[in-house]
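Undergrad: What follows is a structure written as structure tokens; I'll ask about it next.
The values are calculated or read from the model by the stated rules, or taken from the named source; none is laboratory data. What you are looking at is a predicted structure, and each value in this text was computed from that prediction instead of being measured. Cβ sites come from the backbone with ideal geometry, for glycine too, and all protein chains shown count toward neighbours. Ligands, DNA and RNA are excluded from the accessible area calculation, which covers all protein heavy atoms including side chains. Shrake-Rupley method; radii C 1.70, N 1.55, O 1.52, S 1.80 Å.
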Amino acid sequence: MFLETQKWNGRIEVICGSMFSGKTEELIRRLKRAKFANQRVEIFKPRIDQRYSREEVVSHDSHSIPSTPVDSAESILLLANNVDVVAIDEAQFFDQNLVRVCQILANNGIRVIVAGLDMDYLGNPFGPMPNLMAVAEHIVKVHAICLRCGDPAQYSHRLSDSTRLVELGEKDVYEPLCRHCFNLIQNECKSIHTPGN
Ligand code: ZN
């Protein structure tokens, strides 16, 4: 668990992991503590994620905090006025400009907390997340539980046949898997699509 034990200067924190790993819960936990410390908090998320609500960061266990949907990373710079903490949820859906925006905020003394999927459904690094991790002061990787074997899971296996990179959904669309089970399924898919196997 990540404990805040000092007064923060500008910095970048990344919370990453697969679907159902508790990223948003951890983000909300840190924000609640910042609010208890009377810090001014603003939360942003990409407008693309409208699964539950346009105005709230909602975690899967329904703890929520109001947030502002934005069309681009640059909008965060325009809207983050007079704040101590900027939180960004579903960060994988922003483009690479998010890295520059987070750097500018942190360089101006703001604590930036970024939560997002570190890998897409194929297990490849997702959007700006790897570069954000490179420039962050602090990174936490949280894990779901593999639905096939019960080990810690880091992959978001897609159950549908869609090959779109962005496919919003919940447990009907994704299942968290460990490396071993993810590789088993990927190899099964390859053998189905390879003639002669
Ligand atoms: Zn497994």
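Undergrad: For L147, all conditions in the list (1) farther than 14 Å from C16 by Cβ; (2) touching a strand residue (DSSP E or B) at 6+ places or on another chain (Cβ under 7 Å); (3) more than 16 Å from the ligand (Cβ to nearest atom) hold save one; what is the number of the exception?
TA: With respect to (1) farther than 14 Å from C16 by Cβ; (2) touching a strand residue (DSSP E or B) at 6+ places or on another chain (Cβ under 7 Å); (3) more than 16 Å from the ligand (Cβ to nearest atom), L147 is out only on (3).
Undergrad: Among the listed residues V86, V57, V112, identify the single one that is at pLDDT below 95, open to solvent by less than 10 Å² (accessible area, probe 1.4 Å) and assigned to a strand (DSSP E or B).
TA: From the options V86, V57, V112, the qualifying one is V57.
Undergrad: Are there any strands (runs of 3 or more DSSP E) wholly within the range 117-197 with 1 or more residues that are at pLDDT 95 or above, surrounded by fewer than 19 Cβ atoms within 10 Å (Cβ to Cβ) and not polar (S, T, N, Q), and if so which?
TA: 138-142
Undergrad: Right, here's the next one. What pairs come up if the first residue lies in the range 160-189 and is farther than 13 Å from F20 by Cα and of a type outside the set (A, V, I, L, M, F, W, C), the second is outside any helix (DSSP H, G or I) and within 14 Å of the ligand (Cβ to nearest atom), and their beta carbons are under 8 Å apart, counting only those six or more places apart or on different chains?
TA: Cβ pairs passing all conditions: R179/Q154; R179/Y155; H180/C149; H180/D151; Q186/G123.
Undergrad: Please verify whether Q39 is touching a strand residue (DSSP E or B) at 6+ places or on another chain (Cβ under 9 Å) and at pLDDT below 90, treating the condition exactly as stated.
TA: So Q39 fails the test.
Undergrad: Only one residue in L177, L159, L132, L165 is away from the ligand (no atom under 16 Å from the Cβ) and more than 14 Å from R11 (Cα to Cα). Which one?
TA: One residue alone meets the criteria, L165.
Undergrad: Would you point out which residue out of R100, R33, R29 is among the basic types (K, R), in a helix (DSSP H, G or I), open to solvent by 10 Å² or more (accessible area, probe 1.4 Å) and at pLDDT 95 or above?
TA: Going through R100, R33, R29 in turn, the sole match is R100.
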